[in-house]
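The values are calculated or read from the model by the stated rules, or taken from the named source; none is laboratory data. None of these values were measured; they are calculated from a predicted model. No Cβ is skipped: glycine too gets one built from the backbone with ideal geometry, and neighbour counts run over all protein chains shown. Note: accessible area is taken over every heavy atom of the protein model, side chains too, but ligands, DNA and RNA are not part of it. Shrake-Rupley method; radii C 1.70, N 1.55, O 1.52, S 1.80 Å.
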Amino acid sequence: MKTIVLAAAALNTTPKDWAGNRDKILAVLAEAKRRRVHFVCLPELAITGYGCEDEFHAPYVAELALAILERDIVPAVAGLGAAVGLPLSFGGSTYNVIAMIHDGVLLGFTAKQNLAGDGIHYEPRFFKRWPQGQSVTFTTPGGNHVSLGDLVYEIGGVRFAMEICEDAWVAGRPGISHSRQGVDVLLNPSASHFAFGKTLTRERFVLEGSRAFNCAYVYANLLGNEAGRAIYDGDCFIASAGGVRAYAPRFSYAPFTLAVATVDIEHNRVGRARLASYEPDLNERGRVVHLARWTVVDTSITPVVSRAAPTKEDEFSRAVALGLYDYLRKTRCRGYALSLSGGADSAVCAVLVMMMARFADAAARAELTKIAGLPGDCAERDLVGRLLTCAYQGSANSSDTTLEAARTVAAELGARFVNFDITPLVAHTERLLADYLGRPLDWERDDITRQNIQARVRNPPIWAIANAENFLLITTSNRSEATVGYCTMDGDTAGSLAPVAGIDKVFLRHWLAWARDAYQLPALDLVVRQAPTAELKPGAYQQTDEADLGGSYALINRIQKLLVVEKKSPRDILQVLAGPDEFGASLSRAQLFQAVARILGLWSRNQWKRERYAPSFHLDDENLDPRTWCRYPILSGNYAYELEELRAELAFNAC
């Protein structure tokens, strides 16, 4: 056989949605067969869903997954081959495995050798790694005796092997040994979460695998917001001879997508034979041979293709819109409620809900109109008006500027808009506190308390809307605010979902200007041209966020990255910031020290707030979510020792 038609499937799974996941797998198999595919690779843990967390410890989860595989999926793989992921219990441990199936026959299970245990991944908590080069015999409940382990499958003269997600990201990737065994097709069933620019990294190792190993490389991935926080972009590739032959569309709303390509097996074999450095491994260990005949397909070799590099702005739009769509659909809620302040963060959230509706394909739009109770041919504005309710909740300290911005943005997007005056609620709460204190409140003694009262009394009205409408309440906190705890617990942080908590304020303001121009949303200019302000103090105070924080958002972001991502000490942070290409040209060393001391103090004292944020989407490696990425103690020394040493050094040097 000289050519083979290969497919990579992206699948939108949900943890423990047994029937739903199974039906999507069966739909993939049917579509692959319709398109005359010889072999299709599905994502990692496709039967159970990847994000089952500690449910993987429940013995019945692996048992049920195996039963569904044998009863429903294996018989459906008729006239083609497929790789399907599931957990498998063996010898008292659970392994992350891929079932290899051809024409109704279960050939074996390849087990993952390198478990993802950093960032948002906790695989070593659930699974055991499989040792390289080892295989055993496994007996299924259906009585099949098959191989389990590090395997190479020879099906009708074509050799297949696997790198399962993390396996391809390590230096000693299994593809190295598989290549020496003459593998023709290397499969990579993955569950690789979205992060900005990550698709370029995936493409590089897929291309390098196909080139260095002289094989076809099939990379499959998950799609959508699978379990709440991680978004999967559905990134799938098929590469051969060092060139990409097919991509799957990213950020699709479909239940699955396919990338399909016809590749030249013989061409890769010739390339391998020409390499003087190639040293074949003649050991037959882990070899599964299956006699089969491949159907001859009269199709030409798929040429090398390419696609434009993504922009961060577009990736942010597409990823969060998809995340919002799946979050809404999978929670079975009917829309989103949002406290629209007229500022940047809430405006971004409103635009993203509009984009959720705009980016939907025909099937997803039909589902959204069904959720909204509207006819399928309704206008986008009508759909957004049913899916998004925005409430402006002004106090005596709110301005006409923010009211007009909120009203105009909501109108431009088509969202339902209500204007609540919270002044009576604020006055009532302040009166209760004044009675308790035995004195009237004033801004000199009660500044933060009075600001927090306003933020908190906004909470019950918008929650009431969410409850009455069966909506999800969006909270608008961003990463820069989370860094320093610039938020009110049970006030602006309250909600069901925090879609922009994983991104910084500087980018959000930039993105608003980009969205204004890219999507012709001129109302956003009313937000873009404002200086960020909480509007919780009387106008005479001219309150702004950066004045409250004692530093610019750009400086806060830089310190956060140096501290949290690069793990720099306070001394090293100050040294970096003092550089001429950083902030040294505009701020003295003493000013920079004061900023570092203030921000590090706020960072360490406010971990308890970050622990209580609503679920947020993971977007990059600067995420502060303590549940999935950034662990920090709630109680700590607050950098007091380090900062005191640094303060003494600066005082000595100033003498």
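Per-structure values
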item	result
Value of [θ]222 nm, deg cm²/dmol, for the chain, DSSP H segments ≥ 4, -39500 (n - 2.57) each, nearest 500	-11500 deg cm²/dmol
Folded to 0 to 90 degrees: helix 312-331 orientation relative to the chain principal axis, Cα	80
Accessible-area ranking of Val596, Val418, largest first, probe 1.4 Å	Val418, Val596
Loop trypsin sites (Lys or Arg not before Pro), region 224-331 (other Cβ atoms within 10 Å of the site Cβ: 14 or fewer; DSSP)	Arg285, Arg293, Arg307
Pairs from Lys16/Lys370; Lys505/Lys561; Lys24/Lys312; Lys24/Lys330 whose Cα-Cα separation, in the structure shown, is over 22 Å	Lys16/Lys370; Lys24/Lys312
Amide hydrogen neighbours beyond the local backbone of Phe90, cut-off 5 Å, H modeled	Tyr95
23 Å Cα-Cα reach of Lys2 towards lysines, excluding residues that sit fewer than 8 places from it in its own chain	Lys33
Estimated FRET transfer efficiency when R0 is 45 angstrom, pair Leu275-Asp72 (beta carbons, to 0.05)	0.55
Rounded tilt (10° steps) of 400-413 against the dominant C-alpha axis of the chain	30
Within the accessible area of the chain (1.4 Å probe), percent carbon and sulfur	53
Anisotropy class of region 60-195 from Cα gyration tensor, a/c 1.5 cut	oblate
Shape call, region 573-655: gyration tensor on alpha carbons, a/c limit 1.5	oblate
Solvent-accessible heavy-atom area per residue, rounded to whole Å², over the chain at 1.4 Å	40
Length released on extending from Ser586 to Gln134, taking residue separation times 0.36 nm less the Cα-Cα span	156.7 nm
Proximal lysines to Lys112, defined as alpha-carbon separation beneath 17 angstrom and excluding residues fewer than eight positions away on the same chain	Lys128
Using θ = phi - 60° and Karplus 6.51 cos²θ - 1.76 cosθ + 1.60, couplings along region 267-275 (whole Hz; Gly, Pro as x)	4, 5, 5, 5, x, 5, 5, 6, 6
Residues Arg431 and Ala411, FRET efficiency given R0 of 35 Å [Cβ-Cβ distance, rounded to 0.05]	0.50
Probe 1.4 Å, all protein chains present, accessible-area order of Trp443, Trp608, Trp514, largest first	Trp608, Trp514, Trp443
Degrees separating the helix 640-654 axis from the principal Cα axis of the chain, which is the longest one	70
At R0 = 30 Å, FRET efficiency that the Cβ-Cβ distance of Arg332 and Arg358 yields, to 0.05	0.85
